[in-house]
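Report on the structure given below.
The values are calculated or read from the model by the stated rules, or taken from the named source; none is laboratory data. Keep in mind that this is a model prediction, so the values were computed, not measured. As a convention, Cβ positions derive from the backbone with ideal geometry for all residues, glycine included, and neighbour counts pool all protein chains shown. Remember, those area values only see protein heavy atoms, side chains included, never the ligands or the DNA or RNA. Shrake-Rupley method; radii C 1.70, N 1.55, O 1.52, S 1.80 Å.
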Amino acid sequence: MKSGKHFIARYISRIASGLLLASIAQLAMAFDLDQLSEQLGEPEVVRGSFIQEKHLRALPQPLTSRGRFVLAKDHGLLWLLERPLQQDYRIDAQGIARRSEQGWQFVAQQSATAQQNRLFLAVLKGDSSGLRQDFELSLSGTAEAWQLDLTPRSVLLKQVFKAIVITGGELVQRIELQETQGDSTVLRLESSQADQSLSDAEQHDFQN
C-alpha cells in the first residue's frame with residue numbers, strides 16, 4: 001500500500017513537472033516577432049529624450065549628444081538635437097532633412113547612411129517585416145523585457161555593421177550599433193511616453 005502511494009505521488013509529481021515545463025515552454029513561445037511589432041507599432045506617437053554615445057577607437061571618451069525625439073507612426077521621426085549644439089532633423093520615407101532658416105532642407109546621403117536611417121525608423125516603429133529583408137532576427141525575453149539581435153544579411157550592411165542589439169519593454173529603450181571597424185554607437189531613449197496625437201507644432205513640422 002505504501003509503495004502504491006509512493007508510485008502515485010511520483011506519478012502526480014511527474015505530471016505536475018510536465019505541466020510546469022509545458023507552461024514555461026508556452027510562455028517562452030508566447031512573445032514572438034509579430035507580437036513585438038504589434039506592441040511597438042501600437043502608439044500613434046512616442047515622445048522622449050535621448051542620449052547618444054559614439055565610441056571611436058581613436059578617442060578615450062565617447063562623443064555624447066543629447067536631445068528629444070518625436071516618433072509619429074504615419075509620418076516619421078523628429079530628432080531634436082540640443083547638446084553639444086542645437087539642430088533639428090526629420091527622418092521619413094523621403095530621407096533626412098535638416099531645419100534651416102528657409103525651412104526643411106533635404107541632406108545628401110551616402111547609401112549606407114540612407115540605409116541606416118531606414119533601419120532606425122524600422123526599429124522604432126517595430127517594422128519587423130522591413131528588418132527581415134536585411135537582417136537575421138533573434139528575439140529573446142518577454143513583452144516587458146526583450147532583446148532583439150540583428151545580424152546583417154546584405155553585403156552593404158555587412159561592410160558597415162557587425163551586429164545591432166536592441167532592448168526594451170513596452171517601447172524601445174536602447175539601441176547599440178556595433179560597426180565592423182570596431183567603433184560603436186549606443187543610443188538610450190529615456191522618459192519615452194506614448195500618445196495618440198501630435199501637437200500643432202509637430203504636425204506642422206511633419207507636413208512642411
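Candidates Trp146, Trp79: the one that is within 14 Å of the chain's Cα centre (by Cα) and open to solvent by less than 80 Å² (accessible area, probe 1.4 Å) is Trp146.
I'd like to know if segment 32-48 contains one or more residues that are modelled with pLDDT of 50 or more, surrounded by 15 or more Cβ atoms within 10 Å (Cβ to Cβ) and of a type in the set (Gly, Ala, Ser). Yes - at least one qualifying residue is present in segment 32-48. Taking segment 163-205 as the range and being surrounded by 18 or more Cβ atoms within 10 Å (Cβ to Cβ) and over 18 Å from the mean Cα position of the chain (by Cα) as the test, the residues that pass are Leu198, Asp205.
Working carefully through the options Lys125, Lys158, find the one that is open to solvent by 30 Å² or more (accessible area, probe 1.4 Å), under 25 Å from Glu190 (Cβ atoms) and of a type outside the set (Phe, Trp, Tyr). Sole residue among the options that is open to solvent by 30 Å² or more (accessible area, probe 1.4 Å), under 25 Å from Glu190 (Cβ atoms) and of a type outside the set (Phe, Trp, Tyr): Lys125.
Under the condition of being crowded, with 17+ Cβ neighbours inside 10 Å, closer than 14 Å to Gln207 by Cβ and either free of Cβ contacts under 8 Å to residues at least 24 places away in the same chain or out of contact with any Leu (no Cβ under 8 Å at 6 or more places or on another chain) (or both), the residues counted in segment 82-98 number 1. Within segment 49-60, is even one residue over 27 Å from Thr180 (Cα atoms), at pLDDT 85 or above, surrounded by 13 or more Cβ atoms within 10 Å (Cβ to Cβ) and of a type in the set (Asp, Glu)? Scanning segment 49-60, I find no residue that is over 27 Å from Thr180 (Cα atoms), at pLDDT 85 or above, surrounded by 13 or more Cβ atoms within 10 Å (Cβ to Cβ) and of a type in the set (Asp, Glu), so the answer is no. Taking (1) surrounded by 15 or more Cβ atoms within 10 Å (Cβ to Cβ); (2) without any contact (Cβ under 8 Å) to a residue 24 or more places away in the chain; (3) not in a helix (DSSP H, G or I) in turn, Ser138 satisfies each apart from (1). Within segment 52-78, being touching a residue at least 24 places away in the same chain (Cβ under 8 Å) and under 18 Å from Ile91 (Cβ atoms) holds for Gln52, Lys54, Phe69, Val70, Leu71, Ala72, Lys73, Asp74, His75, Gly76, Leu77, Leu78.
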